[in-house]
Amino acid sequence: MAGFVAFLGAEHTYREPGSVWSAEVPPENVLAVIHHAARFPVGGFTEYVVDPTSADIRRAEPQVQEACRRQVTRYVELAGALRAVAG
């Protein structure tokens, strides 16, 4: 999901693509858990609201960034093809 937030739409807008980050957070710093049942674009997903003061936050490795970017590109291409067929 982070890849979609970081990269979806960047090729069609003036904004720069984002990047994917991860964090290890102690359980006591998790403030809320939100479950989403949406099917777009990757099915249901879960968000966590955390107190970041004790989090170990890291930017994802370049190969992870590139894999996310490629996945979003494939999704956009497939969605366009499906729209054309349904057209």
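Taken together, the values in this text are just the output of simple stated rules run on the coordinates, not laboratory data. Note that the coordinates shown come from a computational prediction; the quantities given were computed from them, not determined experimentally. Because the Cβ atoms are built from the backbone with ideal geometry, glycine has one as well, and the counts that use them run over all protein chains shown.
A few comments on the model shown:
- Vicinal HN-Hα couplings computed from phi for region 19-36 (Karplus, 6.51 cos²θ - 1.76 cosθ + 1.60; Hz; Gly/Pro x): 9, 9, 10, 10, 8, 9, 10, x, x, 5, 9, 7, 8, 7, 10, 10, 9, 10
- Neighbourhood net charge (11 Å Cβ-Cβ; Lys/Arg +1, Asp/Glu -1) for residue 24: 0
- For residue 18, residues with placed amide H under 5 Å, excluding near neighbours: 7
- Under a 5 Å amide H cut-off, with hydrogens placed 1.01 Å from N, residue 50 pairs with 31 among residues at least 5 apart or on other chains.
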